[in-house]
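Let me begin by presenting the structure, written as structure tokens, before commenting on it.
No lab work stands behind these numbers, since they all come straight from the coordinates. In this text the structure is predicted, and so the values were computed from the model without any measurement.
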Amino acid sequence: MKKVLTIEGMSCKHCIDRVTKALNDINGVKSVKVKLKNGTATVKLDKEIDNDVLKNAVEDMGYKIVDIK
Ligand SMILES: [Cu+2]
């Protein structure tokens, strides 16, 4: 299972690392691939995770989620 997060505010490799770590730390997240150019994070999940959990993890880091598919 997979979700694609569209994130506003990422501007450099440091941002990629922070977002990747924040998402990886969530129980049930198997892998995270952030594409800076597209402003997206593709998250592979071991189990269903509520969109709010993903959103809060990223927004706690100071970025903004504009879409989750
Ligand atoms: Cu940055």
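Please give the length that would be gained between LYS30 and LYS64 if that part of the chain were fully extended, namely 0.36 nm times their separation in residues minus their C-alpha to C-alpha distance (nm, one decimal).
Between LYS30 and LYS64, full extension yields 10.1 nm more.
So if each residue of separation counts as 0.36 nm, and I subtract the Cα-Cα distance between LYS21 and VAL53, what length gain in nm does that give?
Extending this stretch completely gives an extra 10.1 nm.
What are the residues whose amide H is under 5 Å from the amide H of ILE65, where those residues sit 5 or more places off or on another chain and H is modelled from the backbone?
Sorted by chain and number, the residues that satisfy this are GLU8.
As a check on your grasp of the helix formula, calculate [θ] at 222 nm for the chain: sum -39500 (n - 2.57) over DSSP H runs of n ≥ 4, divide by the residue count, round to the nearest 500. Intermediate values should be presented prior to the final figure.
On the way: 2 runs with 22 residues, N = 69.
It comes out at -9500 deg cm²/dmol, rounded to the nearest 500.
Which angle between 0 and 90 degrees, to the nearest 10, do you get for helix 51-60 versus the longest principal axis of the chain when only C-alpha atoms count?
Once rounded, one gets 30 degrees.
In degrees from 0 to 90, rounded to the nearest 10, what is the angle of the helix 13-24 Cα long axis to the longest principal axis of the chain?
Between helix and principal axis, roughly 10 degrees.
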